[in-house]
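Remarks on the structure that follows.
The values are calculated or read from the model by the stated rules, or taken from the named source; none is laboratory data. Keep in mind the model is a prediction, meaning the values are calculated, not measured. Here the Cβ is made from the backbone with ideal geometry for all residues, glycine too, and neighbour counts use every protein chain on show. Side chains included, ligands, DNA and RNA excluded: accessible areas come from the protein's heavy atoms. Shrake-Rupley method; radii C 1.70, N 1.55, O 1.52, S 1.80 Å.
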Amino acid sequence: MKKIYALFVLLILIIESGFAQEGLATYTTTRNTGITYNSIAGTGLSPALWRNGVNTDDNMSEAIPIGFNFLYDGVNNGFVQITTSGHINLLTNSGALGNGTGAYGYQNTTFSTAGSTVRDLAVFFDDQQTAGNLGTLADLQASMKYQLTGIVGSRVFTIEWINMQDFATGSTASLNYQIQLFEGTNDIKFVYGNMTNGNAPSWTYTCGLNSRTLTATPTVSQLWSQQTVNTNTFAATASNALAVLPATNTEIVFTSTAVARVPLSGTFTVPGSFSTVKAAIDALNYNGTAGAVILNLSSGSTFTEDLPPLQTGMFGDAITIQKSGAGANPIIRPTGTLTGTADFGFRTFGVDNLTWDGIDIVSNGSNVEFGIFLSQLSDKNGAQNNTFRNFNVTLSRTGTVAQVGILTNSAAQPALTAAGANANNTFKNFSVRNVAGTGVQFNGAVSGTYNAIAQTINLDNNNVITNDVCTNFNIIGDPATPNDFIPVTTSGTFGIFNLGQRDMTISNCSISNLTTSSTGAVQGIIVNGTSTAQMPSATLYSQGVLNVFNNKIATLRANNTGAGVVSGIRANINGNAGSSIRIYNNFISDLSSTSTATT
């Protein structure tokens, strides 16, 4: 089972691609000299937890709440992560940033590379260390601070780096600088205090902004990079080797000229109020909500479009996306991209209180990896209290990409608080067909190390797969189509895959026609307990009660003589106090394997 864990977690920990909603070309830049630098070294707060042990080089903090919704790159952002390399990350569900030595490396050239360090603000992105590279938590916390000041509506969130140095033995450089985010105006400031070169031999830093989507040749809507040091000249041309330090007591101001945000509430029609579903999602991302929002999609309509992820920041109002009128479910037909690794029909980042009712996902070709995809926004903001019902997901198994029909994922950022888990999500009255891989996967984090100490993870919890009528069944694998699920990798084929869940229910599912010709397993339902080694605290590693009942599993095939385990239901209990898997009233039939392997 370790092999299966590794393969499936690897599938999810990719740096995710997507569609930018609002370009960076809405910013104008000015540069001011002779300013007064106001340090927060004595008043700011320090990040409590760091991802890469206590390394004072190549490290990134836990998610830090901004304190307000900051509109950037077309979406409302509520959290940042601070790095030792002089930049902050707004795409806080990323597993890591950059590359080079260490998990959160120093290579600032990734700032302008497609699929790498994205939705990032680089005030002085270069290979740096804290003063003396002491390698202690105290040194990390003394060197990076954050602070929220001002009154509601016009607050300022400040991040400061204090006495940083180039990564070199015996460095005498002293670098002091800040990023400031402004509520309401959504302006950004890069502020430079004492910037002393010392004996640093050279610099190759990046200064600028980028977005969630970077193409091979970035546009002005994707990248805003300083071209010449100590100027306000910014362009989409990558400039990742600036060689002269920013001048002491100067600032660069990025003034947003974007249309003012008008939070949404009430009922809207698609088409009608919005011409497309994409336009409606863009409006929600950009404006946020001021009350409950209902999007009515006309029955029988088809929207052939790739949607942006829904990310409403720290707004928590209920959002309903539903079929309107009698007739066939409206259909969203995503196309995806050949090079993309996380193309989807519908996706959320940390969204709560969403209802999806009577809308189908049907892929337009074989380049879509996920049908419905629920992600954390950060280790403190999971997807919670969402309901998906009365829908169908149909992908295309004819391509070369591994697919999951329905996925919830919190593996990239283990939940440090209960709010960071994916919890209380319900899926019912649905079907998943024509998939190269897995029908439904609940992929929760089972371990996490911060400050070089294993942390207690808040497991995903109280997620449910069921049906409104006890005699009706969700369809996973078309019962009328032989070999409806087939894998494209050796990781196998699964009807329902469960990892890192507490108090979960799986009921009323009909799983059939899963086939593999590879050496991977074919399993109707697999539920996994979490080991004590993965969860250091005896108080939270209990899985609670996992209920698996009233499911029908049939016609699972492994057509490889070298391997191919076939299981109707596989349960890996962890044996911890309070953990229980209850499996009852299931019907399993017609399992076969041609394997002659004795293992």
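Which condition from (1) outside any strand (DSSP E or B); (2) at pLDDT 95 or above is the one that E251 breaks?
(1)
Kindly provide the set of residues from segment 540-559 that are part of a loop (DSSP other than H, G, I, E, B) and surrounded by fewer than 19 Cβ atoms within 10 Å (Cβ to Cβ), ordered by number.
Passing the criteria: L540, G544, N550, N559.
Does L91 satisfy being buried (at least 20 other Cβ atoms within 10 Å of the Cβ) and either over 26 Å from the mean Cα position of the chain (by Cα) or in a strand (DSSP E or B) (or both)?
no
Among the residues of segment 417-470, count how many are open to solvent by less than 10 Å² (accessible area, probe 1.4 Å), modelled with pLDDT of 90 or more and farther than 28 Å from N364 by Cβ.
Residues meeting the conditions: 5.
Which residue pairs have Cβ atoms closer than 7 Å, lie 6 or more positions apart in sequence or on different chains, and pair a first residue in segment 36-50 that is farther than 28 Å from D379 by Cβ with a second residue that is part of a loop (DSSP other than H, G, I, E, B) and modelled with pLDDT of 95 or more?
Every condition considered, the pairs that remain are Y37/N249.
Against the conditions (1) in contact with an Asp or Glu (Cβ under 7 Å, 6 or more places away or on another chain); (2) under 21 Å from A412 (Cβ atoms); (3) among the aliphatic types (A, V, I, L, M); (4) open to solvent by 10 Å² or more (accessible area, probe 1.4 Å), where does I331 fall short? Just the number, please.
Going through (1) in contact with an Asp or Glu (Cβ under 7 Å, 6 or more places away or on another chain); (2) under 21 Å from A412 (Cβ atoms); (3) among the aliphatic types (A, V, I, L, M); (4) open to solvent by 10 Å² or more (accessible area, probe 1.4 Å) one by one, I331 breaks only (2).
Just for segment 336-347: of the residues that are in a loop (DSSP other than H, G, I, E, B) and open to solvent by less than 50 Å² (accessible area, probe 1.4 Å), which one is farthest from T289 (Cα to Cα)?
Per the criteria, the residue is G340.
Check V229 against each of (1) of a type in the set (A, V, I, L, M, F, W, C); (2) surrounded by 23 or more Cβ atoms within 10 Å (Cβ to Cβ); (3) assigned to a loop (DSSP other than H, G, I, E, B) and name the one condition it does not meet.
Evaluating V229 over (1) of a type in the set (A, V, I, L, M, F, W, C); (2) surrounded by 23 or more Cβ atoms within 10 Å (Cβ to Cβ); (3) assigned to a loop (DSSP other than H, G, I, E, B) leaves (2) as the failure.
Strands (runs of 3 or more DSSP E) wholly in segment 137-226 with at least 1 residues that are open to solvent by 50 Å² or more (accessible area, probe 1.4 Å) and within 27 Å of Y450 (Cα to Cα) - which ones?
144-149, 156-166
Let's see how each residue does on (1) in contact with a strand residue (DSSP E or B) (Cβ under 8 Å, 6 or more places away or on another chain); (2) at pLDDT 95 or above; (3) loosely packed, with under 15 Cβ neighbours inside 10 Å:
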residue	(1), (2), (3)
F274	yes, yes, no
A280	yes, yes, no
N285	yes, no, no
A290	yes, no, yes
G300	no, yes, yes
T304	no, yes, yes
Q311	yes, no, no
D360	yes, yes, no
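Would you check which residues across segment 122-136 are surrounded by fewer than 22 Cβ atoms within 10 Å (Cβ to Cβ) and modelled with pLDDT of 95 or more and list them?
none
Of (1) touching a strand residue (DSSP E or B) at 6+ places or on another chain (Cβ under 6 Å); (2) closer than 30 Å to A318 by Cβ, T250 satisfies all except one. Which?
So T250 meets the others, but not (2).
Does at least one position in segment 138-153 carry a residue that is within 30 Å of the chain's Cα centre (by Cα), within 17 Å of T250 (Cβ to Cβ) and of a type in the set (A, V, I, L, M, F, W, C)?
Taking every residue of segment 138-153 in turn, none turns out to be within 30 Å of the chain's Cα centre (by Cα), within 17 Å of T250 (Cβ to Cβ) and of a type in the set (A, V, I, L, M, F, W, C).
Strands (runs of 3 or more DSSP E) wholly in segment 348-422 with at least 3 residues that are in contact (Cβ under 8 Å) with a residue 40 or more places away in the chain - which ones?
Because the criterion is at least 3 residues that are in contact (Cβ under 8 Å) with a residue 40 or more places away in the chain, the strands (runs of 3 or more DSSP E) in segment 348-422 that meet it are 370-375, 387-394, 403-409.
This table checks each residue for (1) within 19 Å of Q403 (Cβ to Cβ); (2) within 23 Å of the chain's Cα centre (by Cα).
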| site | (1), (2) |
| --- | --- |
| S275 | no, no |
| P308 | no, yes |
| Q311 | no, yes |
| T320 | no, yes |
| G327 | no, no |
| R333 | yes, yes |
| A342 | yes, yes |
| V368 | yes, yes |
| G371 | yes, yes |
